[in-house]
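The values are calculated or read from the model by the stated rules, or taken from the named source; none is laboratory data. Note that the coordinates shown come from a computational prediction; the quantities given were computed from them, not determined experimentally. Note that we place each Cβ from the backbone using ideal geometry, even for glycine, and neighbour counts take in every protein chain shown. All accessible areas refer to the heavy atoms of the entire protein, side chains included, with ligands and DNA or RNA removed. Shrake-Rupley method; radii C 1.70, N 1.55, O 1.52, S 1.80 Å.
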Amino acid sequence: VFNAKTAELLSHHQVEIQQKFPKEGWVEQDPKEILKSVHECVERTCEKLQQLNIDITNIKAIGVSNQRETTVVWDKTTGEPLYNAIVWLDLRTQSTVERLLKRIPGKNKAFFKFRTGLPLSTYFSAVKLRWLLDNVEEIRQAVEDGRAMFGTIDSWLIWVCICGKNGGVHCTDVTNASRTMLFNIHSLEWDPELCQFFDIPMEILPKVRSSSEIYGLMKICPSLKSGALTGVPISGCLGDQSAALVGQMCFEDGQAKNTYGTGCFLLCNTGQKSVFSEHGLLTTIAYKLGRDKPVCYALEGSVAIAGAVVRWLRDNLGIVKTSQEVEKLAAEAGTSYGCYFVPAFSGLYAPYWEPSARGIICGLTQFTNKNHIAFAALEAVCFQTREILDAINKDCGIPLNQLQVDGGMTNNKVLMQLQADILCIPVVKPSMPETTALGAAMAAGAAEGVGIWSLNPGDLTAVTCERFEPQINPEESEFRYARWKKAVMKSMGWETSEAPSNG
């Protein structure tokens with residue numbers, strides 16, 4: 001919950017959502033658990049506000065932000081999900097992608113790039129939806145009976161929170177739609193030819209709206225003693241990376257931010273023109289802040305594994321008990337001692353788009369210990385960001401002179417210093433790292449009919465920041481980066497689709 005005048009964070013609550021890995025390369029979440037976590041966070045946050053003597057009837061609008069591409073199909077008559085949500089970095093659709101590629105002239109991954117801004121990849125929602133239609137009988141049946149609804153997580157939450165099976169609103173915003181591979185980013189409409197190519201029935205798709213308008217009303221906190229807040233408008237909806245761009249106030253052409261979450265996402269605002277990358281970046285919709293407002297575009301570099309590498313060190317290798325310990329181990333090492341970690345657990349995303357890559361740790365000697373591996377894991381996040389920044393600089397022609405950062409991992413000071421050293425430019429972190437939530441709140445508060453948040457740059461409060469200046473000489477940085485690129489080459493071409501499948 002934010003103060004609309006000062007953008008100050010008043011109260012918050014968070015819950016870790018369980019990831020399920022039913023088979024190798026499969027990543028799922030339970031849509032009902034996501035919904036439950038939303039209700040829990042809303043109630044806890046309202047309780048905290050009451051403890052601070054803030055009247056919850058002051059809550060004037062709700063914004064939704066979500067992990068993009070994650071795909072869910074539900075039954076509009078029962079309101080129940082028909083399968084777990086398939087998470088953005090899931091790899092089960094690799095064979096679907098290969099099958100679809102055979103139908104494209106010259107097997108060209110970039111065939112739809114000028115319409116969608118995206119290459120054909122396991123990453124985007126259309127192939128996940130195609131897999132669900134091919135493999136889940138309940139979903140096929142629901143589509144035939146006219147009961148099925150498809151959406152990314154924002155659509156699922158908005159539908160349930162606004163009446164659900166009693167006439168829920170089935171919508172999404174332009175930023176989420178632009179990540180499905182079914183959406184024309186110029187006409188801002190679902191593309192019939194793309195739907196035909198993926199063989200997806202258009203009637204199951206949500207209505208596409210702007211990122212800042214009233215979608216409907218939600219009832220909040222019926223369990224609180226002061227009574228429920230009936231009818232608070234849900235009036236902001238942005239995919240998480242777009243929300244962070246808005247929350248970082250990157251409204252000018254050429255401003256960029258990098259969010260360090262499960263993955264890492266660097267977005268550079270290109271204004272009202274869509275710039276197409278020659279260097280493996282995506283063209284995506286940055287935001288459309290109102291029904292009658294212009295659409296703005298961004299160039300995006302996506303890294304599949306950032307925070308997830310720390311989770312992996314914790315949950316899979318068990319070399320740390322908490323994520324915070326990674327920073328301590330890395331600080332003790334002070335160097336990776338020639339050890340390089342390429343966390344290509346889900347293949348490599350930008351700028352390679354190489355699904356055959358797999359994770360490797362190389363340069364090991366008898367001297368290497370867990371501290372060096374922890375350091376190499378953090379360094380990997382920084383090197384991946386550097387590769388994307390290089391691509392953005394080439395595509396835009398104007399090198400960034402500093403990088404604005406946000407997301408959970410930015411609390412790690414060792415990581416932030418390493419990032420400045422590897423990029424050779426200052427890294428600037430706002431003192432309030434929850435910029436994704438802030439962006440969704442700004443879009444909600446600025447919506448027509450709500451009008452409590454001004455997005456006029458002159459009215460926006462200057463954010464206090466922490467700066468990390470580069471501290472090593474550029475030659476050493478270049479040497480380490482060159483070694484990292486050598487490691488990346490070794491991670492490629494590991495998987496072949498001819499391998500016998502185990503189930």
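Things worth noting here:
- Residue match in the range 80-98 (condition: in contact with a strand residue (DSSP E or B) (Cβ under 6 Å, 6 or more places away or on another chain), of a type in the set (S, T, N, Q) and at pLDDT 95 or above): yes
- Restricting attention to the range 255-273 and to residues that are part of a loop (DSSP other than H, G, I, E, B) and within 19 Å of Glu69 (Cβ to Cβ), the residue that is least open to solvent (accessible area, probe 1.4 Å) turns out to be Gly263.
- In the range 1-60, the residues that are more than 18 Å from Ala440 (Cβ to Cβ), within 21 Å of the chain's Cα centre (by Cα) and touching a residue at least 60 places away in the same chain (Cβ under 8 Å): Gln19, Lys20, Gly25, Trp26, Val27, Glu28, Pro31
- Whichever residue in the range 164-182 is farther than 16 Å from Phe111 by Cα and of a type in the set (A, V, I, L, M, F, W, C) and, among such residues, is most open to solvent (accessible area, probe 1.4 Å): Val169
- Taking the range 343-362 as the range and being in contact with a Cys (Cβ under 8 Å, 6 or more places away or on another chain) and open to solvent by less than 40 Å² (accessible area, probe 1.4 Å) as the test, only Cys362 passes.
- Positions within the range 121-151 being more than 13 Å from Asp90 (Cα to Cα) and polar (S, T, N, Q), in sequence order: Asn135, Gln141
- When the range 455-480 is filtered for residues that are open to solvent by 90 Å² or more (accessible area, probe 1.4 Å) and among the hydrophobic types (A, V, I, L, M, F, W, C), the ones remaining, listed by number, are Ala462, Phe479.
- Breaking point among (1) in a loop (DSSP other than H, G, I, E, B); (2) within 20 Å of Tyr352 (Cβ to Cβ); (3) in contact with a helix residue (DSSP H, G or I) (Cβ under 6 Å, 6 or more places away or on another chain), for Arg179: (3)
- Screening the candidates Val463, Val488, Val450 for the property of being in contact with a strand residue (DSSP E or B) (Cβ under 6 Å, 6 or more places away or on another chain) and over 30 Å from Pro294 (Cβ atoms) yields one hit, Val488.
- Selection count, the range 408-417, where residues are open to solvent by 10 Å² or more (accessible area, probe 1.4 Å) and in contact with a Leu (Cβ under 8 Å, 6 or more places away or on another chain): 3
- The number of residues in the range 120-169 being closer than 21 Å to Gln29 by Cα and acidic (Asp, Glu) comes to 4.
- Filtered residues of the range 183-201 (kept if in contact (Cβ under 8 Å) with a residue 60 or more places away in the chain and either open to solvent by less than 50 Å² (accessible area, probe 1.4 Å) or in contact with a Leu (Cβ under 8 Å, 6 or more places away or on another chain) (or both)): Phe183, Asn184, Ile185, Leu188, Asp191, Leu194, Phe197, Phe198, Asp199, Ile200
- Note on the range 122-143: residues that are buried (at least 19 other Cβ atoms within 10 Å of the Cβ) and outside any helix (DSSP H, G or I) total 3.
- Within the range 33-51, being farther than 28 Å from Ile452 by Cα and crowded, with 16+ Cβ neighbours inside 10 Å holds for one residue alone: Ile34.
- The residue that is farthest from Asn108 (Cα to Cα), counting only those in the range 364-375 that are in contact (Cβ under 8 Å) with a residue 40 or more places away in the chain and crowded, with 18+ Cβ neighbours inside 10 Å, is Asn371.
- Number of the exception - Gln404 against (1) touching an Asp or Glu at 6+ places or on another chain (Cβ under 9 Å); (2) not hydrophobic (A, V, I, L, M, F, W, C); (3) not in a loop (DSSP other than H, G, I, E, B): (1)
- Qualifying residue in the range 434-444 (condition: surrounded by fewer than 22 Cβ atoms within 10 Å (Cβ to Cβ) and part of a helix (DSSP H, G or I)): yes
- Flag if Val208 is in a strand (DSSP E or B), touching a residue at least 24 places away in the same chain (Cβ under 8 Å) and open to solvent by 20 Å² or more (accessible area, probe 1.4 Å): yes
- Filter result for Gly397 (surrounded by 11 or more Cβ atoms within 10 Å (Cβ to Cβ) and among the small types (Gly, Ala, Ser)): no
- Of the residues examined, Met149 is not one that is part of a loop (DSSP other than H, G, I, E, B), at pLDDT 95 or above, crowded, with 19+ Cβ neighbours inside 10 Å and not β-branched (Val, Ile, Thr).
- Filter result (more than 18 Å from Ala4 (Cβ to Cβ), open to solvent by less than 10 Å² (accessible area, probe 1.4 Å) and either free of Cβ contacts under 8 Å to residues at least 24 places away in the same chain or among the hydrophobic types (A, V, I, L, M, F, W, C) (or both)) within the range 229-252: Ala244, Leu245, Cys250
- Test: Leu455 is at negative phi, modelled with pLDDT under 95 and in contact with a Leu (Cβ under 9 Å, 6 or more places away or on another chain): yes
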